[in-house]
Each structure stands twice: as structure tokens, then as C-alpha cells.
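Below: one structure, written as C-alpha cells.
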Amino acid sequence: MEASLTEITIFLAAAVVAVPIAQRLKLGSVLGYLLAGVVIGPWGLGLIGRVDEVLHIAEFGVVFLLFIIGLEMQPRRLWALRKTILGLGGLQVLLTGMALSVAASWLMQLPPAPAAVAGFSLALSSTAFAIQMLSERGELTSRHGRGAFGILLFQDLAVIPILALLPLLSVGHAEITLLGGLEKTLKVAAIMAGLVVGGHYVLKPVLRLVAATRMQEIFIAMTLLIVVGTSAIMNAAGISLALGAFVAGVLLADSEYRHELEANVDPFKDLLLGLFFIAVGMSINLGLFAARPLYLLELTAGLMLIKALVLLGLARRNGFDWNASRNLMAYLSQGGEFAFVILSTAVAGHLFVQTEADLLVATVTLSMVLTPFAVQGAAAFNRWRSKESGDPNYETPPESEHPVIIAGFGRVGGIVARMLRAKRIGFVALEINPDQVDFVRRFGSQVYYGDASRIDMLRAARADEAKVFVLAIANVEASMRTVHMVQMHFPHLKIVARAHDRRHAYRLMDLGVTVFQRDTFLSSIALAGDTMRAIGMRREEVEQAQKTFRTHDEARLAEHYEGANDEERLQKLAREAASELEEQFERDLLEQNAS
């Protein structure tokens, strides 16, 4: 127990020290984790020795990552990116994998099957590494950022068949036959079909029951059970853990609980991915760097050059300008984290000996180390070229897919959503009441279960990409908590709020929220007008009375704000305002009669 606590302390201390330093040097957090692993691992200070055990646990970081990727596999989003994903991404994996397979066969003298595994594993770039660097540099919505996302999405999908086909490539073993491979493939298909059916008829109803408890810790436990449980089913069948998590994510991609699930998994994913990269850093055989430095540099240069040339050619073929093409190849020319998973699986299946896998892992790691410098070099070259040619070096980012977030989907949020939908303005709606979520979805409304006052929930709803936050929550205290959270973490969002009453309006004004509508205020004015017309008043007189009342009340709301916390003064001001309103009505009536 004492040893375990010591190791946990070492892991946390290494991450806390190394990652901020790496980010300060603009190298990215992933590289910081890798360097931390090298320092505390067997080839560094030797503080941690059980690398295999740590790596086995840390692989759940990749499992959670694939679950979140599965959650984002919505048909509409895939269709919008179909050309980039299938065309650019598919050709990149195919062409790069073939070229690297030939290079691996030539440089490492590998037989065809291991060379193919090496080539296609190295063809995959680092999703976590590239996306994080794009995000840190604010380039996710640029042309090369969108292209990189589409390619990485296809690569993440390509991991699934690569892992599934690895046992079939072990042709050198007598127990693996064509009939056995076919049987295993059918087994995989049957298990996946069972998960699909079970997910549709069992998983969603169970989630609804768990959400109805209103206990956040139980919903988090249910989320982890889904990920770990599906992965365990796959593992028991001899299939990749990551495949099970991905299937579970896809099954829930259209669920009203998608954002809540993502918010619950995200902290575990980030923590375990960090541990995964630390473990990879610990497993790097620094003896290879000392024993064969030139050979390792030759492999790394070959990997990055082949990937860069393929990416450059495909980017230009797909209409990218030279600046975006160079940026794309700089971001994606490294090897990826899935290469570690594929290579370790290949070693377990006796496709590789450990020394060959160590060499490839070291190559991937060195390519990651060099990527930040490649990105900085591409950016500097683009600036130089733009200065030489006199052309501006910028791209106009696209509009956000969902510029509006609606918090609360009751009678107020629902009407806002209907109007936005009619104008084809994208939005994400969050509602904490699972019964309300279930009810409105039966009528075709897209609303997600989740607490909008949680920072992880807002991040899952892409609040960083939105423009307007509609606060339509009925509960005053929950409304105020949400305002605090939005203003603290997403200050760019313009808040348009629902105020329960005058006091709630004043509390919103205390926080600087100036655009709000009070519950029942306008409908009450309209109802008063209907009443006046019902007793025989003229339409013009009614409309003037409604206009006068609204203007007077809104003006007094602003004027009385300074005394909002003084109950006695507020009562006096209210009496004075009532007298002023009566006098104003009398003046309006005299003017109407005179005209």
C-alpha cells in the first residue's frame, strides 16, 4: 500500500512539473507527459519499475478516448465531413500505409505481414497530440485544422479493423487457419450485433432510470460501467478493449444523454491518457538512442518525410492552398499513440520480436518530439512566404455549428428553441430533468440531459465554440450558479437570460447580465390588454396603455436597481412608481380625448 501511494505521488508530481514546462516551451502537454515518463522510468531516475503493469492500466485512457470518439459519430456530422474523412483520410491511411510498409520491409528487413502491420500502424498520427496542438494555437477551425480533424477521425476508425485483423495475419502459427479466422470474424460480428441490439433496447432505458435518481455519482458510475462493461465483453471474446468502447459510444451518439456521458468520462480520459503517455515515456528504450542513434534518426526521418509528402500531395489535390498544405503535413507527420497499442498487440501475437517493436516505438516517440518544431517551422516558413509575396496569411474560420446553447428546456427554453429551429439557427439544449428530456424528445425536439452549471457539461456542449448562452432555467439558485460558471470559464459568451421575477432580475444585473426577460411580464401585459378590450375599451387606448406601462416599468426597474437590497426604500419607490403610472395614464387619456 505504501509503495502504491509513493508511485501515485511520483506520477502526479512528474505530471505537475513536466507538463507546465512543456507547455511554456510550446511543446504541448503530450510531450511533457512523455518526458516525465522518461525521467521517472527505468532508463531515467528509476523511480518506477513496473512499466508493463502501469501501461496495462493506462491503456484505459485510449479506451475512454475511443468511447468519446464514438459519442461524436453522429450521422449528420459524418455526412458533412464525408469528403474529408473518406477521401482525404482514407487515401492518407492507404497510401501512407503502403509506402511505409515498403520502407519497413526494406529498412528493417521485415517479412510482408509484419511490414504491413508496421506500415499501417505508423500511418496513424496522434489524435490527442495533433488536436491539442491545434487547440492551443487556435487553429481547429482553420482549413488545415478541419482537414486534420477529418483525417484523424478516419484514422481513429481505421484502428478498429487493424486491431481486429491482427490475429488473422499471424499465419506463421498452426493454430490460426482460414476457417479459424472466419470463425473469429463471425464471432466479432455476432458480439457487435448483440451490443447494438442490447444498447438500443436495454442501455437507453436503463440510463433513463438512472438519470431519474438525480444522483450525479450514480450516473457517473453508470457511465464507467458502460465503458468498462462493453470493453470487458470484447476482451472476453479476445477482441480489442478499444473496439468495445467505440461501439458503446456509437450506440449512444444520438442519445439525449450524450453530452452528460462525455462530461462524465472526460476527466477520467484526460487523467488516464496522461498516465498512458507517462507509461509510454517510461517504456522508451534509451539504450537504442545510445546504441543506434543514426539508424533511429534515419527511421524517424523516413517516417516523417513519407507522411509529409503524402499529406502534401493529398492536400493540394483537395484544393488546399500551399500554406494550409504545409501546416497539415507538419501537424500530422508524426506517429500516433495507437501505434503503441497495435505494436504491443502484434508482439503478443508473435508478429514482432520485442526489439523490433521497441525500435518502432522509439521512432514514433522521436517523431512526436520533433512535431512541435515542425509546426513552428511550417508557420515561420508560411509567414516568410506571405511577406515575400505580399499576401496576407490568414483564413476566415467558419461559423460555429451550434452558435447557441440553451440551458433549460421548459416552456421558455422550448419556445426559444422552436424559433431558432424555424430560422435554422443551430443550438444545443441542456435540461436537468430527465422526465422533461424524455417528454420533449418524443415530440421531435433535440435536447440533452445534463446540468448546465457544470464546467465539464458546458465543455462537452462545446461552449467554447458557441456565441450566445440562453439562460432559461426556472430555479433561481441554479440559474445564478450557471451564470457564475459561464462567466468564469466562457467569458466570450453573450448571456441572454430568463428572470423569474424582479429580484432575480436585480441579481442578474449584479453579475453584469443586462439582456433578460422577466417571466410572465409580457404575457401579463397582453392579458391586461385583452381584459380592457373585453370591457369595451378602444383598441388604440389599450395599445397606448400597454406601451406606457411597459416603458414605465422597465425604466423604473433600472432606476430602482441601486436600492434593490433596501426593502423599506424599495417599498417606498414602488408606491411612488404606482402613483406616477396613474398620473401618466391620466395624461395619455387627456391627450387622446384632445386629439
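The values are calculated or read from the model by the stated rules, or taken from the named source; none is laboratory data. All of these numbers come straight from a predicted model, not from anything done at the bench. A quick note on method: Cβ atoms are made from the backbone with ideal geometry, for glycine too, and the neighbour counts reach across all protein chains shown.
Quick notes
- Test: residue in segment 258-267 that is closer than 22 Å to Ala348 by Cβ and at pLDDT 75 or above: no
- Residues in segment 271-302 that are surrounded by 15 or more Cβ atoms within 10 Å (Cβ to Cβ), part of a helix (DSSP H, G or I) and either over 29 Å from the mean Cα position of the chain (by Cα) or free of Cβ contacts under 8 Å to residues at least 40 places away in the same chain (or both): Leu288, Phe289, Leu296, Leu299, Thr300, Gly302.
- Segment 492-509: number of residues that are at pLDDT below 90 and exposed (fewer than 15 other Cβ atoms within 10 Å of the Cβ): 2
- Residue match in segment 425-445 (condition: more than 22 Å from the chain's Cα centre (by Cα) and modelled with pLDDT of 85 or more): no
- In segment 1-42, residue modelled with the highest pLDDT [restricted to those that are within 17 Å of Val369 (Cα to Cα) and either outside the structural domain of Leu134 (by TED's automatic domain parsing) or not in a helix (DSSP H, G or I) (or both)]: Leu25
- Scanning segment 196-216 for residues that are over 24 Å from the mean Cα position of the chain (by Cα) and part of a helix (DSSP H, G or I) returns Val197, Gly198, Tyr201, Val202, Pro205, Val206, Leu209, Ala212.
- Single unsatisfied condition, Gly319 versus (1) in contact (Cβ under 8 Å) with a residue 24 or more places away in the chain; (2) in a loop (DSSP other than H, G, I, E, B): (1)
- Residues of segment 534-543 that are surrounded by 11 or more Cβ atoms within 10 Å (Cβ to Cβ) and either over 54 Å from the mean Cα position of the chain (by Cα) or assigned by TED's automatic domain parsing to the domain that holds Ala497 (or both): Met537, Arg538, Glu541.
- Test set (1) in contact with a strand residue (DSSP E or B) (Cβ under 9 Å, 6 or more places away or on another chain); (2) modelled with pLDDT under 85 - Leu581 fails condition number: (1)
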